[in-house]
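Scroll down for the structure; my scribbles are underneath it.
The values are calculated or read from the model by the stated rules, or taken from the named source; none is laboratory data. No experiment lies behind these values; they were computed from the predicted model shown. As a convention, Cβ positions derive from the backbone with ideal geometry for all residues, glycine included, and neighbour counts pool all protein chains shown.
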């Protein structure tokens, strides 16, 4: 039986909940990467978004029941910083709000990328920068985002030390391979993994989703709507995807909403953090948490072999 939805009646609670360590979140959250700017994210010449609009989006997300916000100190454009916007819009923070940030990558004040932080001193500096920008004395969850395949033991160990010192409550990983998860768990508990995943994901990506589920670790995909389009989005390819369009029509939903719904159907441990700077898109994303796909619809989407 199909489920037609309206974005003005569905809140984030419809997506169900998951517990990150000891922090309960609705499975439909909000990612802030796109919030500071229009167009492509994380480029030096990005056009800043109107501050009042960004603040309205954040406050509306909370009104819709979102209590899991993903951010990073390197999410900024000229004049706008995601962390600063979060601070201005939501401080003092509600007791149930979970803010997840990440460290590793860095950008200089001009917006140019700099080498990833690797030393304990550099990582502590990034943690403290997030604390200052957010106006907090501890961070709920910090993900170590990596590039490459080398050992993460020293870096993850440095974050574990900061957890023991009380600056971080829980630890996660981002952009990893399965062996990195095992390496990290030998050092400290991992509450979440952030990796790319979406309709048409590779078998290797899907195996990591299952591994996380088996171990009670949240899997938090990025680009779950955009797929291989990443910051450019998936709108153009969705137009040619008959299965996706058919399922969307059956539910009175958009293709993007079906992509989000499929994401949440991959397991109770799978969360979603779609981002937008638009109030209407925000409501549509949150409403996707209320879509219930049939087994045959999930199977049809699972069969798509090319992400995007």
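Observations, loosely collected:
- Checking each residue in the stretch 250-263 for being out of contact with any strand residue (DSSP E or B) (no Cβ under 6 Å at 6 or more places or on another chain) and either surrounded by 17 or more Cβ atoms within 10 Å (Cβ to Cβ) or in a loop (DSSP other than H, G, I, E, B) (or both) picks out 251, 252, 253, 254, 255, 256, 257, 258, 259, 261, 262.
Condition check ((1) surrounded by 15 or more Cβ atoms within 10 Å (Cβ to Cβ); (2) under 19 Å from residue 69 (Cβ atoms)) across all residues:
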{"position": "114", "(1), (2)": "no, no"}
{"position": "117", "(1), (2)": "yes, no"}
{"position": "126", "(1), (2)": "yes, yes"}
{"position": "136", "(1), (2)": "yes, yes"}
{"position": "145", "(1), (2)": "yes, yes"}
{"position": "155", "(1), (2)": "yes, no"}
{"position": "165", "(1), (2)": "no, no"}
{"position": "170", "(1), (2)": "yes, yes"}
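- Tally of residues being in contact with a helix residue (DSSP H, G or I) (Cβ under 9 Å, 6 or more places away or on another chain), surrounded by fewer than 21 Cβ atoms within 10 Å (Cβ to Cβ) and either modelled with pLDDT under 95 or assigned to a loop (DSSP other than H, G, I, E, B) (or both) across the stretch 6-32: 6
- Scanning the stretch 39-71 for residues that are out of contact with any strand residue (DSSP E or B) (no Cβ under 7 Å at 6 or more places or on another chain) and on the phi > 0 side of the Ramachandran plot yields a total of 1.
- The single condition among (1) under 19 Å from residue 175 (Cα atoms); (2) in a loop (DSSP other than H, G, I, E, B) that residue 44 does not meet is (1).
- Applying the criterion of being part of a helix (DSSP H, G or I) and in contact with a helix residue (DSSP H, G or I) (Cβ under 7 Å, 6 or more places away or on another chain) to the residues of the stretch 288-302, the residue that is nearest to residue 27 (Cα to Cα) is 289.
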